[in-house]
Each structure stands twice: as structure tokens, then as C-alpha cells.
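S.K.: I have a structure I would like to understand better, so I am pasting it below and will then ask my questions one at a time.
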Amino acid sequence: MTIIGIGEDGVAGLGAASQAALDAAQIVMAPPRHLARVPAGTAQRIEWPVPYAEGLEVLDSLRGRRVVVLASGDPFWFGAGAVLARRYSAQEWTAHPGASCFGLVAARLGWALERTVCLGLHAAPMARLKRHLAPGVQIIATLRDGDAVPALAAYLTEQGFGDSALHVLEHLGGPQERITRATAHTVGGAFAHPVCVAIDVAGQGAVLSVATGQRDDAFDSDGQITKRPVRAITLSTLAPKPHEHLWDIGGGSGSIALEWLLAHPTTRATTIEPRADRVARIRQNADALGMAHRLSVVHGSAPDALTGLEPANAIFVGGGLSDAVLEAVTALPARLVVNAVTLEGEALLAHWHARLGGDLMRIALSSTAPLGPKRGWTSAYPVVQWSITP
């Protein structure tokens, strides 16, 4: 199988190796738009079906034959290439990438790609933009179709970034190429697929911090939330690293798991929460922050709900603290952080610290409050945190 990235100019932009593979093909498989850009030949043509996964089953049945799969531009930039490479052995495929839409956009606008956020939103919700939205940030995003352009503009406006400059680029690299410039407030008209949008972010919307300890109002909650200062300390102790998986036991609003996910684009998390209303709220918070694709939410109580979960690199216990839970999690080869507020929870952690060691820390915070005509300090409930690394 040969994977060839084809642009809007069709075979005219193919290199010699790509053209030779296409000439020798027994079968050419691609979406209709790509097939239309290839002159008639002797190869059998198969349209890639919708949904996409059905095409993989068709491709499986063609093993052993000379098959060319046509994809857009560079198939390994939010394209089909990585999906096919994971499915087939290295001996079964070769790839000849073309110019990516990201490279073409940069060439049209003069943007430095190493300083530009590149996103594939053709099969993802607009909320994936959330973590990147800040004045001065430049983003290039592929979109599903022309109707997604006003949806993108509406999302930016809702988030407070309606002043962002949009460069809407259609049919890049082909004879029908068109660039439309507007703001998210003013963009209008009809746009044709394939389309991508370059965003020069501007506005007064809420910006997520690049450090741990997001503002509490970044998460919807019923009051059951690890507050910002304690959350920042807790995330620091959990110490998320690329590709790691977290168990968040007693999710509440999901703030710990979601901040773990915000720490790096490869982290994953599973949150366990016994209350159905809070499970729904966690999912809503994950959707709003564009993190739902990396978060699993389990409706249940530990330790029973831990059975069958993907192994964790780190575990946080913020609710449902008991001897049974600690017996279960301390038996696992994962970093453990436990927070307790009640005297009973504090006594439990003191017992387990004496038994297994680790670090025991008491977090006591105060904030100002009116005291008659003046001000004084009011103390929050102290949090006792036990952490241990196997």
C-alpha cells in the first residue's frame, strides 16, 4: 500500500515517486474529491466510505495487491497516515507526503509554524481551542466543511474573542484558491470544502493559566471542588508527566483530573464519582475545556469501581476516603496523593503514614475578611495531604 498526499492541483503537484506508484497501482482508494483529481487509468477505483472506519475494513480485504490510498496533503498532519501506520506493519505501506495545508497557510500569511498552534478540528469539537485561546496566539485549524466556519466564529465570540482576525482559506494550492479576511464578529458568506482557518486571537475572554491552579470559576461545581491554592499544591505533588494516566477518586467537579489533562496534551485521566449529578457535571466541565476525549468518567465508588480500570501512574484520593480505599490503592505501583479535611480523615492518614512512610503535610490557608470597619484573617479548614511513591 502506498499513501500519497494529493493537493488541490491534483496529480500536477505529485513527485516522481508518487506518480510512479500511482501509475503502477491496481487499485486507487480515496474520497470522491481526491479521485476526481486523478486522470482515468487502468486501476480500479474505490470510493472511501463514510463513516471512515468502514474504509479500513475494505482496505484490509485488499492486502497483497498494489493499492494507492490518496489523502489530503501531508497525511501525517491530522490526516489518515497515522491511522493507517498504526493498523499495518511497516513492511505493508510507504508514504509520499505532499504540501500540508499548514505549510501552505504559513506561506500565504508569512506565519512561523514553530510559533503557531496547528489543530485538526475537522472531526473534533470547537472546545479543543479553549486551552490555546489568549491574545496574540496564532492558530491554524482544519475544519470539517464550509458550514464549520460560522460555527468557529460563533464559538470564538461566545468565549470573548470575537475580535480575533480570521483568514478563511479555501481550496489551498488549487485553481479555486480563495482567502477571505474578517473577524469572528463580522465573518459571513458561504465557504466551500476543503477549508481551514487561520486565527489571530484577540479579545477580552477568559484565558486559562499555563501553570497549575486554574481559577475556581474555570470549573462548574456545586461547591465540592478542591480550591485553587490546594489544587495547585496537589497537582505539584502528583507531578504529571507526558503519557501518564491518573485515577481521580472522588471526582467532585473533576478539577484535579482536568488540570492533570491540561498539564500536557498526552496525559489521560479516569475519574471515579459516586453521585450521578456530579458525574454529569464532570462531563460538562470536560466538554467545556475540550478535554472529554482524554477523560474517562466512572459512576461508582472506590474500591469496587477500580476493578478493570486501565492501570494508573498516579492516584489522587479526594473523596470517599476509607481504610478499604487505602488498602486498594497502596497495593498498586503508582504515586499516591491523598487529601483529608476531617479529623477522622486526618487520623486515618496519620495511621497510614506511620505504617508506610511517605510525606505528611498540613496545608493551612487564610484570607482577608471584613472585621468591623477594618480587616482580619479568616482561616479555611486545613487540609492534610499524604503522599507516597512506591
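The values are calculated or read from the model by the stated rules, or taken from the named source; none is laboratory data. The structure presented is a predicted model; accordingly, all values stated were derived computationally and were not measured. Heads up, the Cβs are rebuilt from the backbone with ideal geometry, glycines too, and the neighbour counts pull from every protein chain shown.
S.K.: Taking the condition of being part of a strand (DSSP E or B) and buried (at least 22 other Cβ atoms within 10 Å of the Cβ), how many residues in the range 1-18 meet it?
M.R.: 5
S.K.: Another one. Please list, ordered by first then second residue, the pairs with beta carbon atoms under 6 Å, 6 or more apart or interchain, first in the range 295-324 and not assigned by TED's automatic domain parsing to the domain that holds residue 237, second surrounded by 20 or more Cβ atoms within 10 Å (Cβ to Cβ) and at pLDDT below 95.
M.R.: As it stands, the answer is none, since no pair meets every condition given.
S.K.: If you don't mind, there's one more thing I want to ask. Give me a count of the residues in the range 317-345 that are surrounded by 15 or more Cβ atoms within 10 Å (Cβ to Cβ) and either closer than 14 Å to residue 301 by Cα or charged (D, E, K, R) (or both).
M.R.: 11
S.K.: Looking only at the range 291-316, count every residue that is part of a loop (DSSP other than H, G, I, E, B) and buried (at least 21 other Cβ atoms within 10 Å of the Cβ) and tell me the total. Spell out the reasoning first.
M.R.: Filtering the range 291-316 down to residues part of a loop (DSSP other than H, G, I, E, B) leaves 291, 300-303, 307-313.
Checking the rest, the ones that are also buried (at least 21 other Cβ atoms within 10 Å of the Cβ) come to 291, 302, 312.
Number of matching residues: 3.
S.K.: Could I ask something else about it? Residues of the range 358-380 being surrounded by 11 or more Cβ atoms within 10 Å (Cβ to Cβ) and either touching a residue at least 24 places away in the same chain (Cβ under 8 Å) or outside any strand (DSSP E or B) (or both), which ones?
M.R.: Across the range 358-380, the qualifying residues are 358, 359, 360, 361, 363, 365, 380.
S.K.: I would also like to ask the following. Which one is surrounded by the fewest Cβ atoms within 10 Å (Cβ to Cβ), of the residues in the range 19-40 that are of a type in the set (A, V, I, L, M, F, W, C) and part of a helix (DSSP H, G or I)? Give the derivation first.
M.R.: Taking the range 19-40 first, the residues of a type in the set (A, V, I, L, M, F, W, C) are 20-22, 24-25, 27-30, 35-36, 38, 40.
Cutting the leftovers down to part of a helix (DSSP H, G or I) gives us 20-22, 24, 35.
Numbers: 20: 13, 21: 20, 22: 21, 24: 11, 35: 16.
Filtering the range 19-40 for residues that are of a type in the set (A, V, I, L, M, F, W, C) and part of a helix (DSSP H, G or I), the one surrounded by the fewest Cβ atoms within 10 Å (Cβ to Cβ) comes out as 24.
S.K.: Return the residue satisfying two criteria in turn: it lies in the range 126-157 and is within 16 Å of the chain's Cα centre (by Cα) and among the small types (Gly, Ala, Ser), and of such residues it is surrounded by the most Cβ atoms within 10 Å (Cβ to Cβ).
M.R.: 141
S.K.: Within the range 172-195, is there a residue that is surrounded by 19 or more Cβ atoms within 10 Å (Cβ to Cβ) and assigned to a strand (DSSP E or B)?
M.R.: Within the range 172-195, one or more residues are surrounded by 19 or more Cβ atoms within 10 Å (Cβ to Cβ) and assigned to a strand (DSSP E or B).
Yes or no, residue by residue, for (1) of a type in the set (A, V, I, L, M); (2) under 30 Å from residue 34 (Cα atoms); (3) touching a Lys or Arg at 6+ places or on another chain (Cβ under 8 Å):
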site: 158; (1), (2), (3): no, no, no
site: 161; (1), (2), (3): no, no, no
site: 164; (1), (2), (3): no, no, no
site: 167; (1), (2), (3): no, yes, yes
site: 177; (1), (2), (3): no, yes, no
site: 185; (1), (2), (3): no, no, no
site: 197; (1), (2), (3): yes, yes, no
site: 202; (1), (2), (3): yes, no, no
